[in-house]
1. Give me the distance in nm between label points sitting 7 Å out from Cα along the Cα-to-Cβ direction at T238 and L4, one decimal.
2. Between L268 and R39, how high is the FRET efficiency from 1/(1 + (r/R0)^6) when r is the Cβ-Cβ distance and R₀ = 35 Å? Nearest 0.05.
3. At a 1.4 Å probe, what is the % contribution of carbon and sulfur to the accessible area of the chain?
4. Per residue, how many Å² of accessible area does the chain show with a 1.4 Å probe?
5. For the chain, what does -39500 (n - 2.57) per DSSP helix run (n ≥ 4), summed and divided by total residues, give at 222 nm, in deg cm²/dmol to the nearest 500?
6. So which lysines pass the test for K220, namely a Cα distance under 19 Å, with those fewer than 8 places away in the same chain ruled out?
7. How high is the relative contact order of the chain, in percent, with contacts defined as C-alpha pairs under 8 Å that are six or more residues apart?
8. Cα gyration tensor of the range 24-90, axes a ≥ b ≥ c as square roots of the eigenvalues: rounded (a/c below 1.5), prolate (a/b > b/c) or oblate?
Amino acid sequence: MNQLLRQKADQIIREALAAVMPDNAVEKALKDYHGAGGRTVLVAAGKAAWQMAAAAVRVLGHVDDGIVITKYEHVKGEIPGVECLEAGHPVPDENSFAATRKALEKVRGLAEQDTVIFLLSGGGSALFEDPLIPGEELQDITRQLLACGADIVEMNTIRKRLSAVKGGRFAQACMPAQVYAIVLSDILGDPLDMIASGPAYPDSSTCAQAEDILKKYDLKLSKRAQELLKQETPKCLTNVTTRITGSVRELCEAAMKAASGLGYEPVLLTDELCCEAREAGSMLASVLRTHAKEGRRLCYIAGGETVVHLTGKGKGGRNQELALAAAPGIAGIRNACVFSVGSDGTDGPTDAAGGYVDGETMEALREKQLDVFSVLQNNDAYTALKASDGLIVTGPTGTNVNDVAVALLD
């Protein structure tokens, strides 16, 4: 491994993540907030829920009641007046359902002068859920959608119709109280009805689109679930004010600034990356090969969210798969590396945030008798990257604004 390149990669990651922590964004969004004079109930859901809630309570001073619903091992301590619960992601579990029912209890019976501070971040689709079908079936449908390579918009179009809180239904449950929603965006273009399946925003997707997705991926649904797909979601909500506080563009800009500080010429390729993880990795490797002999210090950045089609039963995530797929393309180029990270600090069902490869990775894998193409076919990037010291481990970061992939050339 090129240790100098790895150190620079780690520094870019640290600085980029620090720039998109939700604390300042939540404080800014609450600066002009004035309650209606009644009770204030805080509901926070998503992978950044604890961090957002802690910041909100610091600004507000106190809340009358509150709940945080976040991913396992993401609660970092007590928050005054707020119950902190952990649940399943990316597949919802019984703790997801029980915690969401508690949130619904807290907003039930509120008056017109009361306010619900609703803090929403990526991961909320799994974590904030009260299903209208058996939990086991919802889990199976979520797994089907993940395995077939459906993108996040397609997944949410299906899931919000099977839920008592998604697609604007949570805001309906809060009525007549006002909802002040602060959203940390993890979807390209910041579509408010799709982030965590839009619990407090009118739904723009239609039953016809849901039916098309059902046919496109040949999803196996019960008769009850199929009937729910034909029931339209709320198209108008009069009790919600929404503020967006972060996005993948900010993550990319922070990575560019960090790279520039290290002497690289940063180039933003896109902040709307949306393709197969393997294709993205191969593309970044191709870009590096094109410029490898120019003698310039270049940094190419691509932000967004790739997808993975499951063809095997290995361990990994989309960022690890992207990085590993770049390894063959930069093999032998000693001054090149590619790395990709999820801003929330978790990539797939692993303890890694992403992966790093450079011109020496293929050689290291051959010494371990690991064939990259077989590993990718088995979706086992974690094993290969661990063997080549290429795992990027940050732990839960407290934010969630998509992924960033970087290609460096010294």
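1. 6.6
2. That gives a FRET efficiency of 0.20.
3. That share works out to 49 percent.
4. Per residue, the chain has 39 Å² of solvent-accessible surface.
5. -11500 deg cm²/dmol
6. Qualifying lysines at Cα under 19 Å: K160, K230.
7. Relative contact order comes out at 17 percent.
8. prolate
The values are calculated or read from the model by the stated rules, or taken from the named source; none is laboratory data. This one's a predicted model, so the numbers in the text were calculated from it and none came from an experiment. Note that each Cβ is placed from the backbone with ideal geometry, even for glycine, and that neighbours are counted across all protein chains shown. Surface areas here come from the heavy atoms of the whole protein model, side chains and all, with no ligands, DNA or RNA. Shrake-Rupley method; radii C 1.70, N 1.55, O 1.52, S 1.80 Å.
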